[in-house]
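Notes for the one structure printed next.
The values are calculated or read from the model by the stated rules, or taken from the named source; none is laboratory data. What you are looking at is a predicted structure, and each value in this text was computed from that prediction instead of being measured. With ideal geometry, Cβ positions are generated from the backbone for all residues, glycine too; neighbour counts draw on all protein chains shown.
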Amino acid sequence: MSGFILSLGYERRSVEDLVAVLVDHGVRKLLDVREAPVSRRPGFSKRSLSARLHEAGIEYRHLGIAGNPHRQRRENIQRCLQLYETHLCENPQVVEAFAQEVLGQAIAVLCYERDHDGCHRSVLLDALAQEGHDLEVIRVE
């Protein structure tokens with residue numbers, strides 16, 4: 001694999017901070033792995049985020065299939081992540097679609113949670129690594 005995967009959440013970030021992090025790392029594509037790309041935080045819903053990233057020369061892609069259908073169980077984050085791991089095992093097409101989007105390029109994977117280990121994107125990236133893909137993951141917290 002060439003390139004890297006930047007794992008980051010927008011929790012406690014402004015859109016401008018997010019764009020600066022992406023530009024500083026040379027990211028040309030952001031993959032939004034939220035099931036529903038909407039946010040109560042200004043600038044982080046699909047349309048406005050996509051427009052701002054486009055201005056910065058960064059491609060925006062939403063991959064809703066990779067979202068966590070168990071996110072409503074956040075009160076117990078470990079259980080929530082275990083359920084997502086089971087979901088990935090039962091739906092291997094999710095990891096396949098994710099792999100097609102991220103491998104071989106400098107890309108960012110975005111969700112809400114700032115803490116990589118407390119977000120479903122950590123489980124998604126682990127699933128990709130378990131399939132034998134050599135990943136360089138950079139965690140931005």
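Ala97 fulfils the conditions (1) touching a Pro at 6+ places or on another chain (Cβ under 6 Å); (2) over 20 Å from Asp17 (Cα atoms) except for a single criterion, (1). Among the residues of this structure, Arg52 counts as one that is in contact with a helix residue (DSSP H, G or I) (Cβ under 8 Å, 6 or more places away or on another chain) and either under 26 Å from Glu16 (Cα atoms) or surrounded by 16 or more Cβ atoms within 10 Å (Cβ to Cβ) (or both). Does Leu81 count as in a helix (DSSP H, G or I) and crowded, with 18+ Cβ neighbours inside 10 Å? So Leu81 fits the description; yes. Please verify whether the stretch 10-17 includes one or more residues that are assigned to a helix (DSSP H, G or I), free of Cβ contacts under 8 Å to residues at least 24 places away in the same chain and not basic (Lys, Arg). Within the stretch 10-17, one or more residues are assigned to a helix (DSSP H, G or I), free of Cβ contacts under 8 Å to residues at least 24 places away in the same chain and not basic (Lys, Arg). Of the candidates Glu59, Glu75, the single residue that is among the charged types (D, E, K, R) and at pLDDT 95 or above is Glu59.
Scanning the stretch 123-137 for residues that are touching a residue at least 60 places away in the same chain (Cβ under 8 Å), touching a Leu at 6+ places or on another chain (Cβ under 8 Å) and either small (Gly, Ala, Ser) or closer than 13 Å to Gly3 by Cβ (or both) yields His133, Leu135, Val137. For the stretch 36-56, a residue qualifies if it is under 19 Å from Val102 (Cβ atoms) and either basic (Lys, Arg) or modelled with pLDDT under 95 (or both), and exactly one does: Lys46. Scan the stretch 113-132 for residues that are of a type outside the set (D, E, K, R) and either surrounded by 15 or more Cβ atoms within 10 Å (Cβ to Cβ) or in a helix (DSSP H, G or I) (or both) and jot them down. Those that are of a type outside the set (D, E, K, R) and either surrounded by 15 or more Cβ atoms within 10 Å (Cβ to Cβ) or in a helix (DSSP H, G or I) (or both): His116, Gly118, Cys119, His120, Ser122, Val123, Leu124, Leu125, Ala127, Leu128, Ala129, Gln130.
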